[in-house]
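Down below is the structure, laid out as structure tokens.
Nothing in this text is a laboratory measurement; each read-out follows from the coordinates by a stated rule. Quick caveat: nothing in here was measured; it's all calculated off a predicted structure. Neighbour counts run over all protein chains shown; Cβ positions are idealised from the backbone, glycine included.
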Amino acid sequence: MSDPKSYSSPLAGRYASEAMRHLFSAEKKFTTWRELWLALAEGEAELGLPITEAQLAEMRETLEDLDLEAADRYERELRHDVMAHVHAWGDQCPEARPILHLGATSCYVTDNTDLILLRDALALVKAQLVSVIANLRDFAMEWRELPTLGFTHFQPAQATTVGKRACLWMQDFLHDLEDLEHAETMIRFRGVKGTTGTQTSFLQLFSDDHAKVRELDELVTKKMGFDRVFGVTGQTYPRQLDFRVGQVLSSVAQTAHKFGTDLRLLANRRELEEPFGKKQIGSSAMPWKRNPMRSERICSLARLTISLLDSTAQTAATQWLERTLDDSANRRVVLPEMFLSTDATLNLCLDVTSGLVVNPAIVRARLDEELPFLASESLMMAAVKQGGDRQDIHEAIRMASHAAAQEIKEGRPNDLKERLKNEPLLACVKDQVDEILDPSLHIGRAAEQVVEFVEAEVTPVLERLSDCLGAEGEVNV
């Protein structure tokens, strides 16, 4: 439990997964700083600088032995977080102290660490996203043939199927996954670039040997697990990368919000429900309530993610020349919060999609209420085929529909079916009314579209990314 007298982010305390929380933890951040300093020292030693194996061994032995209290004390005195950690680690490895951070600027550790975290955090989001898609694939296939009332403008429209509707959610998540994989290709290592990106300090260390400076950049890049490095930088990596990664997270949030909103609407109609615990309480005042809490939380967290994207755009737009420090405090908050809120949103999506409840009897009853209206055109076409006058039949159905609608508005059942059976102009098709009102005749190719979509677009992606499958939602409260 966090300090009850001090603020802590609800994203860490209530919502985000353990894996994402650890990725943006102080331990992970500052251990990565030390890994970067070690990689730099190793590279410099391999290329001939006078760094001893004893110094490197001392760094390796103390790498994970963080003394955050000492670093905090140093920072209060020095007002510089990177130098505070240089001094704190130097106290732990005095022999290596003279060569720590040799030739580097602060952004060597801060920016390269951020790039590592962006890369690894996207991998976590990717695994969640793939597993959400897999859950929706299974759900769509299971319910591909169940007719349900379709809506446009949230008004009754032509029928669709429960599975086909799920494909709309799944397609949006698939497009988010495409964007995410593109963003992964854009994340490069900042590398060993020096104070303003010119590598001047390293050129001085290696006595104007340009080849060794280039090799050092390549060596450290590979040591830290990257294949590509930014060809040019100022003091920082381009801040537009934060925006591009943030765009992916915002897009995931938009898709999740749409999904959560649809579930909330369908829950109101009792057609579809999210999982509900045996001891779960829907309302402190109304014991019968089954509020769609998870779906509401999906929308709430997604809205936060979407709102934070603007901050990354503002930061990218207001960078000065080779760099300015007014991005630092902002990014310390925005980048972790965007990932933690996206992670929490997808956690909920994983939980909900793995336990969606369909109430077929309610789905059928809701469709039956509107089906006579939806089937009226088909009935008109059948009567015309029997020799009826299209305009007269249209008017008869229009009048019957309006009368039935008035009955509904006055609280009585929809009697359009009976009115149509008793309409003289439709006598020739009276015996076909029940057949024409069969829901399966009004879903077009919805069921076939589900199968075709899954086979053509979903299954190949899930097979290609099978190593990402298996993520489960962590819903703690």
_Mean projected area (nm²) of the alpha-carbon convex hull when region 11-99 is viewed from all directions_ = 6.7 nm²
*Farthest toward positive dipole pole in the chain [+1 Lys/Arg, -1 Asp/Glu at C-beta], among Ala313, Trp143, Leu374*: Leu374
*Mean Cβ neighbour count within 10 Å, used as a protection proxy, ranking 295-302, 426-433 highest first*: 295-302, 426-433
*Protection proxy ranking of 194-206, 165-177, 344-356, 444-456 - average other beta-carbon atoms within 10 Å, highest first*: 344-356, 165-177, 194-206, 444-456
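Using alpha-carbon pairs under 8 Å, 6+ residues apart, how would you state the relative contact order of the chain in percent?
On the way: 621 pairs, mean separation 97.1, N = 477.
The value is 20 percent.
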*asked:* Tell me whether region 26-157 comes out rounded, prolate or oblate; compute the Cα gyration tensor, take square roots of the eigenvalues as a ≥ b ≥ c, and use a/c under 1.5 as the rounded threshold.
replied: prolate
_Reachable lysines from Lys421, criterion Cα separation under 23 angstrom, eight or more residues apart if same chain_ = Lys385, Lys409, Lys430
*With a Förster radius of 60 Å, plug the Cβ-Cβ distance of Ala70 and Gln158 into 1/(1 + (r/R0)^6) and report the FRET value to the nearest 0.05.*
0.30
*Pairwise label distance in nanometres, Arg332 with Gln391, each label 7 Å out on the Cα-Cβ vector*: 7.8 nm
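Report the convex hull volume per residue for the chain, counting only C-alpha atoms, in Å³.
Looking at the chain, the number lands at 194 Å³ per residue.
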_region 99-127 and region 392-466: distance between their alpha carbon centers, rounded to Å_ = 57 Å
_What is the distance in Å between the Cα centroid of region 161-226 and that of region 1-40?_
22 Å
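Hey, got the dipole for region 11-99? About the Cα centre, +1 on K and R Cβ, -1 on D and E Cβ, debye to the nearest 20?
In total the dipole reaches around 520 debye.
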_Per-pair calculated FRET efficiency, R0 = 41 Å: Val477 and Arg398 via Cβ, rounded to 0.05_ = 0.15
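Please compute one quarter of the surface area of the Cα convex hull for region 376-436 and express it in square nanometres. Present the calculation step by step, with values, prior to reporting the outcome.
Working: hull surface 14.8 nm².
So the Cα hull casts an average projection of 3.7 nm².
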*Let a ≥ b ≥ c be the square roots of the eigenvalues of the Cα gyration tensor of region 202-246; is it rounded (a/c under 1.5), or, if not, prolate (a/b larger than b/c) or oblate?*
oblate
_Under 5 Å between amide hydrogens, which residues at least 5 positions from Thr161 or on another chain qualify, with H placed 1.01 Å from N in the peptide plane?_
Thr148
*Would you be so kind as to identify which of Thr105, Ala365, Phe202 lies farthest towards the positive end of the dipole of the chain, taking Lys and Arg as +1 and Asp and Glu as -1 on Cβ and the Cα centre as origin?*
Ala365
*Dipole size in debye (nearest 20) for the chain around its Cα centre, Lys and Arg Cβ +1, Asp and Glu Cβ -1?*
1380 debye
*How many nm is it between the label spots at Lys222 and Ala456, if each spot is 7 Å from the Cα in line with the beta carbon?*
4.4 nm
*Check: region 47-96 dipole with +1 on Lys, Arg Cβ and -1 on Asp, Glu Cβ, in debye*: 220 debye
*Among bridges DSSP assigns within the chain, what percent are antiparallel (round to 5)?*
90 percent
*Can you run phi through the Karplus equation (6.51, -1.76, 1.60; θ = phi - 60°) for region 426-436 and list ³J(HN,Hα) in whole Hz, with x for Gly and Pro?*
9, 4, 5, 10, 3, 6, 9, 4, 4, 5, 5
*Under the Karplus relation 6.51 cos²θ - 1.76 cosθ + 1.60, θ = phi - 60°, what is the ordered set of whole-Hz ³J(HN,Hα) values for region 129-145, x standing for Gly and Pro?*
4, 4, 6, 4, 4, 5, 4, 5, 4, 5, 5, 4, 5, 5, 10, 5, 9
_From the helices alone, meaning DSSP H stretches of at least four residues, give me the mean residue ellipticity at 222 nm for the chain, per-run term -39500 (n - 2.57), in deg cm²/dmol to the nearest 500._
-20000 deg cm²/dmol
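Please compute the alpha carbon radius of gyration of region 137-190, then divide it by the globular-protein estimate 2.2 N^0.38 Å. Two decimals is fine.
Ratio of Cα Rg to 2.2 N^0.38 Å: 1.66.
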